[in-house]
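The structure appears below as structure tokens.
The values are calculated or read from the model by the stated rules, or taken from the named source; none is laboratory data. As the structure is a prediction and not an experimental result, all values here were calculated from the model. Backbone-built Cβ (ideal geometry, glycine too); neighbour counts: all protein chains shown. The area values use the complete protein model at the heavy-atom level, side chains included, leaving out ligands, DNA and RNA. Shrake-Rupley method; radii C 1.70, N 1.55, O 1.52, S 1.80 Å.
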Amino acid sequence: MKNGQIWQDIEGNHIQAHGGCIIEHRGTYYWYGEHKGAPNCPGKERVDVIGVSCYSSPDLLSWKYEGLVLSADQENPSSPLHTSRVLERPKVVYHEKNHCFILWMHLDSEDYTYAGAGIAVSGTPTGPFVFQGVSQPNRQDARDMTVFVDEDGTAYLVHSKDWNKTLNIARLNADYTAPDGMYVSVMADQEREAPALCRHNGLYYMVTSGCTGWQPNSALYATSSHIMGRWKLIDNPCEGENYRQTFGGQSACIFRAGNRHFLMLDHWIPDNLQKSGYSILPIEFGPDGSMTVRWKSEWRGIEKSTSD
Ligand code: DGJ
């Protein structure tokens, strides 16, 4: 699969899973994302909401379409899932004790002024997810977001707030279904979005993008020794051609496969969003705690990439 380009599923159809996440469950990888498989609305850099798609794979290379696990509401204009609104950056995590999958997503009005976090739950990875509602976590605006589950099983919703000026890390309740009231604001006024997190050797890492709409910009990574502690912005982790523009992409998620972490990017095509591409790049961690993401023109799946 050529990094930066649109990818195909095993039936030869374009994979529609933008702004997404990849999780592993019982030996199978599941990729959830925004289904943008329709032409842009005339004159706009948007596609009406279709829903959250799911693909499954044994090797992160051959992807089987599992369908929409959460569909847009085509009937009710006041539904938070109505086609005329915004559904972005769906993130799914598995709750080990409750044996269920929790989907968090950015839900918004077309003009992005509502800025809420929606939630849906399913007993199986391939859904259907049942929509539970939408709200503003800790009464704060929420746009780009991700969910991070720590090694002790505690989950955190990480979201841009204050019109994307600052990021919040909001601890979730034991069921991962709502914030528990504890949160910290980090990287204040640094205007970061598209957060993607991981933990390696006891250090927390967060990759973010700048705020330039669908246009690429320079990624930055930050580290902290405590998830709700002080985060330190370090630098752009990217190395290689077009590194200053994150290779033309924007962080979607970090996932773990085997003993390695990978950064997934969206390569947005603003005037034809359904043709936006993807890349998956291995993350290298230095002994000094540094993070490097080198450009590779091809994604060769789990077998080849974990042995690189
Ligand atoms: C950048 C965000 O990261 C995307 O998820 C999307 O909201 C676009 N902005 C919209 O311009």
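The table below lists the values:
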| quantity | calculated |
| --- | --- |
| Any hit, the range 213-227, residues being surrounded by fewer than 16 Cβ atoms within 10 Å (Cβ to Cβ) and away from the ligand (no atom under 16 Å from the Cβ) | yes |
| The range 97-115, residues that are within 16 Å of the ligand (Cβ to nearest atom) and surrounded by fewer than 19 Cβ atoms within 10 Å (Cβ to Cβ) | S109, E110, D111, Y112, T113, Y114 |
| Residue selected from the range 81-96 under the condition away from the ligand (no atom under 16 Å from the Cβ), of a type outside the set (S, T, Y) and farther than 21 Å from C198 by Cα, by the criterion surrounded by the fewest Cβ atoms within 10 Å (Cβ to Cβ) | H82 |
| Scope the range 255-271; condition in a strand (DSSP E or B) and within 15 Å of the ligand (Cβ to nearest atom); matching residues | L263, M264, L265, D266, H267 |
| Filter result (farther than 26 Å from F101 by Cα and open to solvent by less than 20 Å² (accessible area, probe 1.4 Å)) within the range 5-51 | V47 |
| Residue in the range 207-219 that is under 29 Å from F101 (Cα atoms), hydroxyl-bearing (S, T, Y) and in contact (Cβ under 8 Å) with a residue 24 or more places away in the chain present | yes |
| Of the criteria (1) open to solvent by 50 Å² or more (accessible area, probe 1.4 Å); (2) free of Cβ contacts under 8 Å to residues at least 40 places away in the same chain, which one A72 fails | (1) |
| Residue within the range 117-139 that is in contact (Cβ under 8 Å) with a residue 60 or more places away in the chain, open to solvent by 10 Å² or more (accessible area, probe 1.4 Å), at positive phi and away from the ligand (no atom under 16 Å from the Cβ) present | yes |
| Residues satisfying the stated conditions in the range 228-246, i.e. away from the ligand (no atom under 16 Å from the Cβ) and open to solvent by less than 20 Å² (accessible area, probe 1.4 Å) | P237, C238 |
| Search result, residues across the range 203-212 that are open to solvent by 40 Å² or more (accessible area, probe 1.4 Å) and within 16 Å of the ligand (Cβ to nearest atom) | C211, T212 |
| Unmet requirement for W163, which otherwise passes all of (1) of a type in the set (A, V, I, L, M, F, W, C); (2) in contact with a strand residue (DSSP E or B) (Cβ under 9 Å, 6 or more places away or on another chain); (3) open to solvent by 50 Å² or more (accessible area, probe 1.4 Å) | (2) |
| Residue match in the range 218-226 (condition: more than 18 Å from I283 (Cβ to Cβ) and not aliphatic (A, V, I, L, M)) | yes |
| Count of residues meeting criterion [more than 16 Å from the ligand (Cβ to nearest atom) and either aliphatic (A, V, I, L, M) or open to solvent by 10 Å² or more (accessible area, probe 1.4 Å) (or both)] in the range 185-199 | 5 |
| In the range 272-296, the residues that are away from the ligand (no atom under 16 Å from the Cβ), open to solvent by less than 70 Å² (accessible area, probe 1.4 Å) and at negative phi | I280, L281, P282, I283, E284, F285, G286, S290, M291, T292, V293 |
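Listed here are the residues, each with its yes/no results for (1) more than 15 Å from T146 (Cβ to Cβ); (2) without any contact (Cβ under 8 Å) to a residue 24 or more places away in the chain; (3) open to solvent by 60 Å² or more (accessible area, probe 1.4 Å).
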residue: N201; (1), (2), (3): yes, no, yes
residue: G249; (1), (2), (3): yes, no, no
residue: N259; (1), (2), (3): yes, no, yes
residue: L263; (1), (2), (3): no, no, no
